[in-house]
Amino acid sequence: MTDLYHVTNLKLSFPDMTRKPLLSPAPRTEILKDLSFTIPRGEILGIVGGSGSGKSTLGRALVRLLEPTGGIVRFDGKDITHLPEAELRPLRRRFQMIFQDPMSSLNPRHRVGGLVAAPLKLHGVENPKERALEALDHVGLPRSFASRYPHELSGGQRQRVGIARAIALRPDFILADEIVSGLDVSSQAQVLSLLEKLVDELGLTLAFISHDLSVIRRLCTRILVLYHGEIVEHAPTADLFAKPGAAYSRELLDAIPLPDPDQAWF
């Protein structure tokens, strides 16, 4: 199995304007600290950590919504770490992102069909309307939903629209950032099952960001644990749950609520 992503010594920092001296540059706060890992093709990688661990920052660096300040990010063998936007644009259709709150990423004044077709038009894909309808088919939404507005859908349905937008371009990689955190348990299970199906059917590679290890366990083949911007563990899911190697991983496992055995879904 070849690697789709190869990350070496990744660093990312931001200027701290609250501590900026009057006549000097602002000091920088390091968010990601010397991260190295790979994501093989076809893998579902879970990225987990508490608030402030850097997991969302890492995700955005992978799809170059943020530019790293050090290290190297290679996508399919190509160094994209500091690639100019003009050179990044042809690659962007190959890595897509699904956001946590679909209402913040879906324009409420546009119908679902137009929302799914928009990235297709942006990248000059032929027959965007038909491709958008095919994407709705893939995520289990009736084609009639193309004429609806986001506010007319449930939370789970809106998240499926977000997934449809991401897969419409037929990418190689999808980053999903806390996409089930606002859903009820039943809707969470449906979205996770859908993602599993799409990874298998479309040959996707997926990175799934969450603070919830029970969700990660249900979906992911490997887990990367972040703590204060550092990788403290990177292991197959079964191994991490059976014998966590890092103290912070054990803390996260201990924090998982005990499920009701009559209602368990993972």
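FYI, it's all coordinate maths here, none of it is from the lab. In this text, all values refer to a predicted model and were calculated from it rather than measured experimentally. Glycine also receives a Cβ, built like all others from the backbone with ideal geometry; neighbour counts cover every protein chain displayed.
The figures follow:
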{"item": "Cα shape, segment 1-111, gyration tensor, a/c 1.5 rule", "result": "oblate"}
{"item": "Normalised contact order of the chain, rounded percent, pairs of Cα under 8 Å and 6 or more residues apart", "result": "24 percent"}
{"item": "Cα gyration tensor shape of segment 172-266, rounded if a/c is under 1.5, else prolate or oblate by comparing a/b with b/c", "result": "oblate"}
{"item": "Residue pairs, from the table 197/243; 11/78; 20/78; 55/121, whose Cα atoms sit over 25 Å apart", "result": "197/243; 20/78; 55/121"}
{"item": "Mean shadow area of the chain over all directions, Cα convex hull, nm²", "result": "16.3 nm²"}
{"item": "Estimated FRET transfer efficiency (residue 28, residue 181; beta-carbon r; R0 25 Å; 0.05)", "result": "0.30"}
{"item": "Efficiency of FRET between residue 256 and residue 14 - r from beta-carbon atoms, R0 30 angstrom, step 0.05", "result": "0.45"}
